[in-house]
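A.B. asks: Here it is: the structure, laid out below.
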Amino acid sequence: MNAELRYTVNCSILFTELPLLERPAAAKDAGFEAVEFWWPFAEAVPADAELDAFVSAISTAGVRLTGLNFFAGDMPGGDRGLVSWPKRSSEFRANIDVTVGIGERLGCRAFNALYGNREGGHSASEQDELAVENLSLAATAAARIGATVLLEPVSGAERYPLRTAADALSVIDRVQAACDVRNVGLLADLYHLAVNGDDVDQVIAVHADRIAHVQLADAPGRNEPGTGSLPLQAQLAALAARGYSGWIGLEYKPSTSTLDSFGWLPREQRGHAG
Ligand SMILES: O=C(O)C(=O)CO
């Protein structure tokens with residue numbers, strides 16, 4: 001793997017052997033300096049004590065929080081975001097300042113806004129128009145602390161409409177045109193894009209300048225690099241060659257223990273926290 005790349009451990013899908021608040025310290029012990037999370041609470045606006053415990057777990061562990069998802073509903077239950085969900089738009093809007101507030105406390109500058117599934121009773125245009133409004137609200141709030149809102153194509157959720165980089169970039173173009181915000185970027189998850197049949201090499205070659213965050217897992221299986229057939233090393237090298245200098249999120253299901261699943265990455269390359 002390219003020694004210059006900076007890796008961040010997604011502690012929502014890794015270290016699940018441990019209670020969530022113990023995971024940042026485990027990542028630090030494994031040699032990493034950075035972590036990211038999906039929304040770690042059951043509701044859009046958790047109690048202050050829960051927020052304080054999360055902030056403390058990260059700051060005490062001595063790692064950076066490099067990314068945080070906005071509240072996205074019941075992920076295990078199939079929800080993939082509230083951004084375009086009319087019935088739950090108010091929850092998303094209530095969550096914006098809470099999420100940005102965590103970022104302000106911890107220096108996190110990237111927030112992933114999962115778009116949401118197509119929901120019965122609403123037209124696609126109605127949901128997409130709502131998404132433009134909600135993404136501009138999120139981007140405006142994020143801009144207050146110099147942060148970026150991320151938009152991610154995902155796989156494994158058949159009602160989720162953003163499946164390719166082009167799908168996400170067209171939404172970002174709409175938000176920029178409608179609301180003159182410049183801090184919404186593509187989250188290029190190399191696994192999701194590949195599984196959805198996108199041409200990942202082409203995405204990197206053409207859109208590297210619009211990629212605000214990268215995540216990886218191998219396919220098939222969404223396990224650690226080397227367990228599948230994706231050319232991840234070459235794609236990371238291509239990203240670096242095209243000038244991508246952001247974080248690489250390790251967002252995979254370990255095929256063994258979490259610690260053993262890091263074997264593909266030499267310890268001396270884990271802690272590049274510059
Ligand atoms: O739902 C997923 O698989 C994600 O990557 C969420 O960020």
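The values are calculated or read from the model by the stated rules, or taken from the named source; none is laboratory data. Worth saying up front: this structure is predicted, and the values here are computed from it rather than measured. Note that each Cβ is placed from the backbone with ideal geometry, even for glycine, and that neighbours are counted across all protein chains shown. The accessibility values were calculated without ligands, DNA or RNA, using every heavy atom of the protein model including side chains. Shrake-Rupley method; radii C 1.70, N 1.55, O 1.52, S 1.80 Å.
A.B. asks: Under a 10 Å cutoff between Cα atoms, tell me which one of VAL149, VAL206, VAL98 has the largest fluctuation in the Gaussian network model of the chain.
C.D. replies: VAL206
A.B. asks: Next up: Would you work out the relative contact order for the chain, in percent, from Cα pairs under 8 angstrom that are 6 or more residues apart?
C.D. replies: Across the chain, relative contact order equals 21 percent.
A.B. asks: Length gain on complete extension for the stretch THR140 to VAL206, per 0.36 nm per residue less the alpha carbon to alpha carbon distance?
C.D. replies: Between THR140 and VAL206, full extension yields 21.1 nm more.
A.B. asks: So if we plug the beta-carbon distance of LYS87 and GLN233 into 1/(1 + (r/R0)^6) with R0 = 45 Å, what FRET efficiency do we get, rounded to 0.05?
C.D. replies: Using R0 = 45 Å, I get an efficiency of 0.55.
A.B. asks: What length, rounded to one decimal in nm, is gained on full extension from GLU4 through to LYS253, with 0.36 nm per residue of separation minus their alpha-carbon distance?
C.D. replies: Full extension from GLU4 to LYS253 adds 87.2 nm.
A.B. asks: Taking the Cα centre of the chain as origin, sum charge times position over the Cβ atoms of Lys and Arg (+1) and Asp and Glu (-1), and report the length of that vector in debye to the nearest 20.
C.D. replies: 340
A.B. asks: A follow-up question, please. Identify which of GLU50, GLU251, GLU22 has the largest mean-square fluctuation in a Gaussian network model of the chain, with springs joining Cα atoms closer than 10 Å.
C.D. replies: Comparing GLU50, GLU251, GLU22 in the GNM, the peak value goes to GLU50.
A.B. asks: Long-range amide H contacts for LEU150: which residues qualify at under 5 Å (H placed 1.01 Å from N, peptide plane, sequence gap of 5 or more or a different chain)?
C.D. replies: Excluding prolines and chain starts, which carry no amide H, the hits are PHE111, ASN112, ALA113, GLY185.
A.B. asks: Let me ask another. Along the Cα→Cβ direction, 7 angstrom out, place labels at ALA53 and LEU18. What is the inter-label distance in nm?
C.D. replies: 1.6
A.B. asks: To continue, here is another question. So if I take the centroid of the Cα atoms in the stretch 167-246 and the same for the stretch 1-41, what is the distance between those two points in Å?
C.D. replies: 20
A.B. asks: Along the positive direction of the dipole of the stretch 6-269 (beta-carbon charges: Lys, Arg +1; Asp, Glu -1; about the Cα centre), which of ALA178, SER229, TRP39 reaches farthest?
C.D. replies: Toward the positive end, the furthest listed residue is ALA178.
A.B. asks: Probe of 1.4 angstrom, ligands and nucleic acids ignored: what's the accessible area per residue over the stretch 122-232, in square angstrom?
C.D. replies: 39
A.B. asks: Would you mind computing, in nm to one decimal, how far apart the modelled labels at GLU268 and HIS122 are, each placed 7 Å from Cα along Cα→Cβ?
C.D. replies: For the pair GLU268/HIS122, the computed spacing is 5.1 nm.
A.B. asks: Net charge near ALA42, counting Lys/Arg +1 and Asp/Glu -1 over other residues with Cβ under 11 Å of its Cβ?
C.D. replies: Every neighbour counted, the sum reads -3.
A.B. asks: Which of GLY116, GLY246, PRO153 sits closest to the plus end of the dipole of the chain, meaning its Cα is farthest towards the positive end, when Lys and Arg get +1 and Asp and Glu get -1 on the C-beta?
C.D. replies: Result: GLY246.
A.B. asks: Would you pull out the residues with amide H under 5 Å of TRP247's amide H, same chain only if 5 or more places away, H placed 1.01 Å from N?
C.D. replies: For TRP247, whose amide H was placed from the backbone, the distant partners under 5 Å are VAL214.
A.B. asks: Highest GNM mean-square fluctuation, the chain, Cα pairs closer than 10 Å: which of GLY116, GLY81, GLY156?
C.D. replies: Its mean-square fluctuation being the largest, the pick is GLY156.
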